[in-house]
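The block underneath contains the structure these notes are about, expressed in structure tokens.
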Amino acid sequence: MAGWRFSSAYGVSYDFPTAEYQLINANSPPFGNRSLVEDPPGGFDNPYAHLGGDPHPILTTPDTVFIPFGAYGATAPDINSPRIQQWNVTFEKQIGKVWQASASYLGSYTDRLWGQVAVNPGVYLGSVPARPGRPLPDLQHEREPEPAARVLVVRGESGSCAADWQHGRAHRHRYADVSRPEARVSTARGERREPQRELHDLALLRRRDDTGGGFPQIANGFTNPADPAFDRGHCVQDRTHIGSFTAGAQTPQFAGRALRLLASDWRVSGIFTALSGSWLNIITGRDNALSGIQMQRVDQVSDDVYGEKTLARYLNPAAFAQPAPGALGSYVRNSIRGPAYWTVDIAVSRQVSLGTARSLELRVEAFNLFNTFNWGNPVTNFNSGSFGRITSMTGSPRIMQFGVKYGF
């Protein structure tokens, strides 16, 4: 290892979700002191008759009554701050007089991410027989679960909280021990220390997680509240390969007057960027499980998940199916890759000296030089008529800009 230079570092940091994370919970009655009344049994002349009278002003005391059919959220009292550990190792070596090589390994381990666990999800009670005047619903796919088919009602639990919450949504924010996004990056770089420079970066990444975190919405959270690991899969931001190649060159000072005026001091630099595709989550677009929790996934019935990989048929619809009523799909979250991405950016400039203290710089830049049409991700809602089709693009079309700078 003679001539190699080694460096390493480790760090741990903590975070705490912003106050906005609790916005929906804080705005829910009775904490938000706001009620939404829709078609009350007593009419709008007496909208609170079924509640036993006007609940306002709502005083948040130990005896506060939670409004029936409300949406509530609570935070586990023993919850801890999210944590991320990061480390890196770098090896560098000087090769000859003008070249330097380096190889780096970067790793991170994140845990204790907050997740939203449904305490009172809907429960599938089997087929509902048709009654006179009411046709058999289509498995209630497009509706909320019936209030009588929620966990606390089915269990027959009672008490100051359960009695008030049993017909509505209730979520508990906690962190799951299995929530462990990971990222490992290895990079290689070579650089020539002269006016003409070449710089190459290649990264290999791996990230997996169970929860997306972020701003909590009612009816979101872990798909299977009893098993948060059911949502384990690649992170949305995970790109297995990231390549960036940068090159630059400058023309020399030519001896001849005409050649010196036309060709000296031109600078050309370019960046080639290529990314592997992001991961796709194939969702049902329907509440097959009748739990009231969104983003349920489909059944994967074949390994032939891709179509012709065209704009009209990037995914193969025959490889997926809607789960049975009351069931969750077998598709592993974020296990299919979308289209890759690449682009070339270039800049051409020239510095013209106008005397001892004055100069003029002419510059032309082109982003996405070849006007590459990078496909966006296909539609992943299996219930959509456009499922598997690509209807968007990633990045921008070619953009060119010109600049003139006068220095004095």
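Numerical summary
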quantity: Over the range 259-372, relative contact order from alpha-carbon pairs under 8 Å, at least 6 apart, %; calculated: 32
quantity: Order of F44, F66 - criterion: other Cβ atoms within 10 Å of each residue's Cβ, fewest first; calculated: F44, F66
quantity: Amide H within-cut-off set for S278, under 5 Å, with H built and near neighbours excluded; calculated: G338
quantity: In sequence order, calculated HN-Hα J values of the range 49-63 (Karplus, 6.51, -1.76, 1.60; Hz; x Gly/Pro); calculated: 4, 6, 9, x, x, 5, x, 8, x, 8, 9, 7, 10, x, 9
quantity: Extended-chain gain in nm, criterion 0.36 nm per residue less alpha-carbon gap, N383 and A249; calculated: 43.0 nm
quantity: Percent RCO, i.e. relative contact order, over the range 313-408, from Cα pairs under 8 Å lying at least 6 residues apart; calculated: 31
quantity: Length added when fully stretched, R267-R313, from 0.36 nm per residue minus Cα-Cα; calculated: 12.2 nm
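We did not get these values from a lab; they are worked out from the coordinates using the rules stated. Keep in mind it's a predicted model, so treat the numbers as computed, not measured. Using ideal geometry, Cβ is built from the backbone for each residue, glycine included, and neighbour counts are taken over all protein chains shown.
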